[in-house]
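Before any comments, here is the structure.
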Amino acid sequence: MNPFHFRYAEPADAGLILAFIKELADYEKMADEVIATEELLREWIFEKKKAEVIFALEDGKEVGFALFFHNFSTFLGRSGLYLEDLFVKTEARGKGYGKGLLRQLAQIALERGCGRMEWWCLDWNQPSIDFYRSLDAEPMSEWTTYRLTGDTLRKMAE
């Protein structure tokens, strides 16, 4: 039995989701890259249903969040669960909320028949790397992530 409480985000939570995203961006030294707005989050998460969010609760208050969506593995022939963001507020760290969120996501992945669960971690984020390794998560060092965004993405589309 899981002693932690979780809940799925609802459209009215768009501001709370954005607040968590901004806290995560501050932690990752990337605050200047956040251009998301409540309206964009409401549209893409709740109207277009392109992602989902769960919150970890402590005494009824949100202390952590995970934003995730489904990807697809051609080799497995089924969907996977991709964790885009996992963040636990500083004052709630060390209490098991991060592990609890990952456990909750693993349960969701299995309930939905997913073949795997994946996420990225910044190379400098040793506390998170240590945490993930403690859970027997395997780093995929033989893969390099590539990205097209902004003008580069537009140029490619021409």
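The values are calculated or read from the model by the stated rules, or taken from the named source; none is laboratory data. Being a predicted model, the structure only gives us computed values, none of them experimental. Neighbour counts run over all protein chains shown; Cβ positions are idealised from the backbone, glycine included.
A few remarks follow.
- Taking the conditions (1) at pLDDT 95 or above; (2) part of a loop (DSSP other than H, G, I, E, B); (3) in contact with a Phe, Trp or Tyr (Cβ under 7 Å, 6 or more places away or on another chain) in turn, residue 121 satisfies each one other than (1).
- Looking only at segment 88-107, and only at residues there that are surrounded by fewer than 21 Cβ atoms within 10 Å (Cβ to Cβ) and among the hydrophobic types (A, V, I, L, M, F, W, C), the one that is nearest to residue 131 (Cα to Cα): 102
- Residue in segment 97-104 that is modelled with pLDDT of 95 or more and either in a loop (DSSP other than H, G, I, E, B) or hydrophobic (A, V, I, L, M, F, W, C) (or both) present: yes
- Total residues in segment 17-46 satisfying the condition of being free of Cβ contacts under 8 Å to residues at least 24 places away in the same chain and over 22 Å from residue 6 (Cα atoms): the figure is 13.
- When segment 1-59 is filtered for residues that are small (Gly, Ala, Ser), surrounded by fewer than 18 Cβ atoms within 10 Å (Cβ to Cβ) and in a loop (DSSP other than H, G, I, E, B), only 36 remains.
- Lone unmet requirement of (1) over 16 Å from residue 20 (Cβ atoms); (2) at pLDDT below 95; (3) not aliphatic (A, V, I, L, M) for residue 128: (1)
- Taking every residue in segment 68-83 that is surrounded by 13 or more Cβ atoms within 10 Å (Cβ to Cβ) and pairing it with any residue that is assigned to a loop (DSSP other than H, G, I, E, B) and among the aliphatic types (A, V, I, L, M), at least 6 positions away or on another chain, the pairs with Cβ-Cβ distances below 8 Å are 68/51; 69/51.
- Test set (1) of a type outside the set (D, E, K, R); (2) under 17 Å from the mean Cα position of the chain (by Cα); (3) modelled with pLDDT of 95 or more; (4) exposed (fewer than 15 other Cβ atoms within 10 Å of the Cβ) - residue 113 fails condition number: (2)
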